[in-house]
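Let me begin by presenting the structure, written as structure tokens, before commenting on it.
Just so it is clear, none of the values below were taken in a lab; they were calculated from the coordinates. These figures come from a predicted structure and were not determined experimentally. A quick note on method: Cβ atoms are made from the backbone with ideal geometry, for glycine too, and the neighbour counts reach across all protein chains shown.
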Amino acid sequence: MAAISETIVREYFELHEFLVRQFRKHTAPAGREDDDPDFLVINPNVQAGEVKLPFVLGSPDLARVSHGIVVIKAWHTEVFSPAFFAHSPGFFRFLEKKAFLNACRAFRQPDGRPPLKLLVISSLPQDGASQQESVAILKSRGIDAVLSFRTMLADLVARVEPSRNYLKSDLLQTLRILKHYEFFKDPQMDLFRPRRGRSRAARSVAPPEAE
């Protein structure tokens, strides 16, 4: 699961014209794979903006991300709720590891700007109050922004063109074939539609300040 999740994240950033460097090429000792960052990303075409980036990023926000350290938590069946954090006291240990701290120092911009500490997760709670509480917990521990797999996958599906042959990417080629055989229905992309009963705001997992 880790390999395909990393591939999704890499392809997503590369399609948005980021330069992506994998932090670790070797397999870490058992039980320690989550202790290191996954990717260092830099945007050579970053766009300036006066509006502060939202905590929960969408694809349009990436244009204003200059550089960052990406940590992937590919726990696709988890909702990162306050209860989850309460029962996972070791979740944030990666922020204290030597490798992560060294990456934060080394990956500063020449003007001293630190990298964005970006966490890739499955989802935040749909309930507004619980989502705000989860965001507050993440911010208090030093996370600068989060990005969901749903956001990335929906964006990849939207960008893949059935008429193109993505021979150099197994992921994009698979999405292209699925799209060609109409497993994705534009523009709704039904395969990624949340369960019935959720509000439109909840579907977009909007930042708490936008609700």
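Computed over neighbours whose Cβ is under 14 Å from that of ARG141, the net charge equals +2, Lys and Arg +1, Asp and Glu -1. Each Lys or Arg adds one and each Asp or Glu takes one away; over the other residues whose Cβ falls under 15 Å from the Cβ of PHE18, this sums to -3.
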